[in-house]
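The values are calculated or read from the model by the stated rules, or taken from the named source; none is laboratory data. This is a predicted model, so every value here is computed, not measured. For neighbour counting, all protein chains shown are included, and Cβ atoms are generated from backbone atoms with ideal geometry for every residue, glycine included. Heavy atoms of the whole protein, side chains included, go into the accessibility calculation; ligands, DNA and RNA do not. Shrake-Rupley method; radii C 1.70, N 1.55, O 1.52, S 1.80 Å.
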Amino acid sequence: MLEIKNLHVKLEEEDKEILKGVNLTVEAGKVHAIMGPNGSGKSTLSYVLSGREGYEVTDGSATLDGRDLLEMEPEERAAAGLFLAFQYPVEIPGVGNMTFLRTAVNAQRKARGEEEISAADFLKLVRQKAKTLKIDADMLKRPVNVGFSGGEKKRNEILQMAMLEPRMCILDETDSGLDVDAMKLVAEGVNALRSPDRGFLVITHYQRLLDHIAPDVVHIMADGRIIKTGGPELALEVEQNGYADILAEVM
Amino acid sequence: MALPERKQSVTEARLAGLEIPRGGCTEPAREAALARLWQMGLPTRRDEYWKYTRPETLIQPQPPRAALLRTDEPPMFDAFDRLKIVFVDGVFDPQASDDLALEGVRIERIADLCEQDIHWARDLYGVLEARGHEPVPRPLAAFNTAFAGDGVVIHVTGRPSRPINLIYRHESEASDAVLHHLVRVEEGAEATILENGPAAARFNKCMEIDIADGGRLHLVRTQGRDHERRAATHVFARLGRESMLKCFTLTVNGVLTRNEVVVEFTGDEAVAHVAGACVGDGDFHHDDTVFVTHDAVGCESRQVFKKVLRNGATGVFQGKILVREGAQKTDGYQISQALLLDGDSQFLAKPELEIYADDVACSHGSTSGAIDEEALFYLRSRGVPEGEATDLLTLAFLAEAMDEIEDPALAEEIAGRVRGWLARHR
Ligand SMILES: Nc1ncnc2c1ncn2[C@@H]1O[C@H](COP(=O)(O)OP(=O)(O)OP(=O)(O)O)[C@@H](O)[C@H]1O
Ligand SMILES: [Mg+2]
């Protein structure tokens with residue numbers, strides 16, 4: 001479903017290569033996890049896939065269901081089914097969370113040639129999904145992420161994912177800053193969406209999240225490359241020994 | 001003291017051949033205003049107060065021609081139940097207007113008021129304007145008092161069930177309209193006044209507002225529809241004890257607009273909010289000049305101005321809060337912000353505080369910036385197309401000013417106009 005081949009990315013403003021040939025395929029129905037030291041390029045990968053400005057792809061390709069992602073505008077990628085839960089969700093003063101959600105849902109429907117959701121149906125849906133994530137009515141009314149706690153922001157990302165029902169979900173450290181209960185809620189939110197035609201790419205530093213979301217495949221990223229790929233046991237190894245052994249083994 | 005030569009000559013050129021309307025009770029006030037005007041002279045670019053806005057086209061003898069805009073958009077406030085008072089190129093049109101009778105308010109034409117000799121309005125006409133020249137002269141307002149050709153006197157004694165809508169129609173490409181309105185809100189009375197329309201090729205309007213203790217006035221104005229028209233407006237407001245004024249102005253288009261608002265608190269615990277939102281594209285110059293004087297205890301003033309500028313449009317804000325000695329517990333707030341949608345547009349701001357009391361809370365801030373790229377990407381990553389996302393962020397930027405409109409239906413009407421404008425100007 002998501003196919004990344006030999007992806008090289010540098011910063012637009014500087015001559016600094018950050019991704020140095022990433023190869024990665026996520027099949028429909030699977031959950032892949034990426035772990036890796038700080039600064040190894042995990043967030044950069046997720047930003048480049050979702051179309052953020054400031055990066056230049058110098059080589060390689062990324063496709064979703066065979067369609068060239070790198071050619072598309074960010075909104076087209078979203079309409080094609082790509083979703084990124086941000087490591088640092090953005091605050092938007094003046095735009096209510098509800099308005100934001102409804103605008104997004106309707107924009108994607110429109111892009112797919114579907115009818116807009118009625119106000120009543122939308123409200124019902126959003127309330128129901130918010131409830132399972134323990135997001136209260138007040139948080140829905142407030143401006144997007146403004147004054148939300150770190151954990152609330154992350155739950156709000158999962159709410160957006162639940163509303164948009166993307167085909168390919170990338171979660172960038174959605175577990176960081178979450179308390180134990182919130183982590184469970186988020187994991188349940190992810191697990192509820194697991195289905196044979198949906199893929200996940202979960203970026204995390206900790207085994208804890210992977211206890212709840214059992215990954216099929218675990219990748220280790222270092223210095224802009226995937227340096228090792230394995231099963232769930234790889235995450236346990238990292239948890240116990242850190243990255244030193246793996247890095248040494250590859251070098 | 002003699003006027004500088006340039007000032008003298010533009011003033012002479014403008015006033016040559018002009019006669020103040022004679023007869024009736026406003027005549028002495030008009031004479032006095034004319035004398036004031038000769039003393040201060042019309043504005044020139046040399047004046048500090050006109051540093052950012054060129055006054056030439058506002059004071060030259062003939063106005064530049066202004067094409068009429070043909071549009072399919074329904075007139076503003078069209079769906080609202082309101083009392084309509086229509087002026088066409090600055091002249092009251094009784095046929096197009098509603099019957100002026102409305103419970104809780106008495107409305108008369110300035111011209112009619114002059115037929116009676118004794119009228120409360122005589123003690124207001126030109127009075128607040130005359131008080132409003134310290135410390136900076138506002139010669140276009142004095143000109144207005146002297147030469148206003150029409151206008152209404154609105155006396156609010158109760159709580160009229162409908163808003164009063166002053167509608168200004170522009171039908172001649174060369175019209176030069178001068179309107180002067182008086183509003184008196186009596187103790188405990190409350191009303192909403194709406195104003196809209198392009199009025200004339202050149203429009204000079206002055207509204208003097210006197211609010212008695214506990215009175216409340218909502219003033220919601222929209223302007224700028226016919227892009228080529230030029231407008232200079234003044235509001236002079238005096239607020240009594242525990243009274244309230246909320247003034248909001250939306251400007252879309254307009255090659256030249258200067259809106260001056262002068263507020264004076266004379267009674268304690270009063271509230272005045274003056275807000276404006278404007279959206280301008282290209283050949284657009286919009287100037288908000290506001291002066292708030294606190295001369296009473298415990299009053300609250302807010303100035304909230306937001307400007308969206310693109311394609312070389314210019315926004316100007318000159319705002320001042322003056323807190324006089326003894327005006328303790330003053331709560332003064334002022335913010336002016338511009339959203340520059342490209343690198344060509346500019347925002348010129350001169351925010352000022354002058355405080356002579358020690359127990360006050362006053363703040364001011366002025367910023368200009370571009371669209372928040374992070375927020376834009378966030379929206380786009382959720383599937384919202386760039387244009388729509390930009391509009392959403394633009395409306396969010398304007399929100400603080402729009403929030404000053406108390407009535408939700410009016411606020412929605414205004415927001416709808418802005419959305420329409422944004423969609424047409426992507
Ligand atoms: N816009 C930028 N300007 C300068 N440096 C950047 C920029 N974006 C990324 N980098 C650099 O690229 C490298 C990879 O950053 P990235 O955020 O992708 O790491 P990460 O693997 O997500 O790290 P973490 O685990 O800390 O979230 C870092 O060295 C970072 O400083
Ligand atoms: Mg990261």
Taking residue B:358 as meeting all but one of (1) open to solvent by 20 Å² or more (accessible area, probe 1.4 Å); (2) at positive phi, write down the number of the exception. (2)
So how many residues does the stretch A:16-47 have that are within 15 Å of ligand 1 (Cβ to nearest atom), under 16 Å from the mean Cα position of the chain (by Cα) and open to solvent by 10 Å² or more (accessible area, probe 1.4 Å)? 4
Taking the condition within 16 Å of ligand 1 (Cβ to nearest atom) and at pLDDT 95 or above, does residue A:92 pass? no
Report the residue count in the stretch A:228-247 for those that are under 14 Å from residue A:215 (Cα atoms) and charged (D, E, K, R). 1
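Residues checked against (1) within 14 Å of another protein chain (Cβ to nearest Cβ); (2) hydrophobic (A, V, I, L, M, F, W, C):
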{"residue": "A:51", "(1), (2)": "yes, no"}
{"residue": "A:95", "(1), (2)": "yes, yes"}
{"residue": "A:116", "(1), (2)": "yes, no"}
{"residue": "A:137", "(1), (2)": "no, yes"}
Taking residue A:111, is it open to solvent by 60 Å² or more (accessible area, probe 1.4 Å), free of Cβ contacts under 8 Å to residues at least 40 places away in the same chain and either within 14 Å of ligand 1 (Cβ to nearest atom) or in contact with a Gly (Cβ under 9 Å, 6 or more places away or on another chain) (or both)? yes
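One residue is enough: does the stretch B:349-365 have a residue meeting the conditions of a type in the set (D, E, K, R) and within 29 Å of residue A:74 (Cα to Cα)?
no
When you look at residue B:375, is it within 11 Å of another protein chain (Cβ to nearest Cβ) and free of Cβ contacts under 8 Å to residues at least 12 places away in the same chain, yes or no?
No; evaluated as a whole, the condition is false for this residue.
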If residue B:184 satisfies all but one of (1) open to solvent by less than 10 Å² (accessible area, probe 1.4 Å); (2) part of a strand (DSSP E or B), what's the number of the condition it fails? (1)
Cβ pairs under 8 Å, 6+ apart or interchain, first in the stretch A:25-52 and in a loop (DSSP other than H, G, I, E, B), second within 12 Å of ligand 2 (Cβ to nearest atom), ordered by first then second residue, are A:36/A:42; A:36/A:221; A:40/A:221; A:41/A:18; A:41/A:221
Note on the stretch A:187-224: residues within 16 Å of ligand 2 (Cβ to nearest atom) and surrounded by fewer than 18 Cβ atoms within 10 Å (Cβ to Cβ) are A:205, A:206, A:223
For the stretch B:384-411, which positions are within 18 Å of residue B:244 (Cα to Cα), open to solvent by less than 50 Å² (accessible area, probe 1.4 Å) and either at the interface with chain A (Cβ under 7 Å from one of its Cβ atoms) or acidic (Asp, Glu) (or both)? B:404
Scope the stretch B:261-280; condition part of a loop (DSSP other than H, G, I, E, B) and among the hydrophobic types (A, V, I, L, M, F, W, C); matching residues: B:270
What are the pairs with Cβ atoms under 7 angstrom where one residue, in the stretch A:203-221, is without any contact (Cβ under 8 Å) to a residue 40 or more places away in the chain and the other, located anywhere, is open to solvent by 20 Å² or more (accessible area, probe 1.4 Å) and more than 12 Å from ligand 1 (Cβ to nearest atom)? Sequence gap at least six, or different chains. A:207/A:236; A:207/A:239; A:212/A:184
Taking the conditions exactly as written (at pLDDT 95 or above, under 27 Å from the mean Cα position of the chain (by Cα) and surrounded by fewer than 17 Cβ atoms within 10 Å (Cβ to Cβ)), does residue B:353 satisfy them or not? yes
Got at least one residue in the stretch A:79-88 being within 13 Å of chain B (Cβ to nearest Cβ) and assigned to a helix (DSSP H, G or I)? yes
Of residues in the stretch A:20-47 being away from ligand 2 (no atom under 14 Å from the Cβ) and on the phi > 0 side of the Ramachandran plot, the one farthest from the other protein chains (Cβ to nearest Cβ): A:21
Which one of these is in contact (Cβ under 8 Å) with a residue 24 or more places away in the chain, surrounded by fewer than 23 Cβ atoms within 10 Å (Cβ to Cβ) and out of contact with any strand residue (DSSP E or B) (no Cβ under 7 Å at 6 or more places or on another chain): B:216, B:241? B:241
Please verify whether the stretch A:55-68 includes one or more residues that are outside any strand (DSSP E or B), within 14 Å of chain B (Cβ to nearest Cβ) and within 30 Å of residue B:388 (Cβ to Cβ). no
If a residue must be away from ligand 2 (no atom under 16 Å from the Cβ) and either among the hydrophobic types (A, V, I, L, M, F, W, C) or crowded, with 20+ Cβ neighbours inside 10 Å (or both), how many such residues does the stretch A:48-80 contain? 13
Taking the stretch A:141-165 on its own, how many of its residues are more than 16 Å from ligand 1 (Cβ to nearest atom), within 12 Å of chain B (Cβ to nearest Cβ) and open to solvent by 10 Å² or more (accessible area, probe 1.4 Å)? 5
Tally the residues that are surrounded by fewer than 17 Cβ atoms within 10 Å (Cβ to Cβ), assigned to a loop (DSSP other than H, G, I, E, B) and within 20 Å of the chain's Cα centre (by Cα), restricting the search to the stretch B:73-113. 1
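Conditions (1) within 14 Å of chain A (Cβ to nearest Cβ); (2) surrounded by 23 or more Cβ atoms within 10 Å (Cβ to Cβ); (3) aromatic (Phe, Trp, Tyr), marked per residue:
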{"position": "B:299", "(1), (2), (3)": "no, yes, no"}
{"position": "B:306", "(1), (2), (3)": "yes, yes, no"}
{"position": "B:325", "(1), (2), (3)": "no, no, no"}
{"position": "B:340", "(1), (2), (3)": "no, no, no"}
{"position": "B:344", "(1), (2), (3)": "no, no, no"}
{"position": "B:349", "(1), (2), (3)": "no, no, no"}
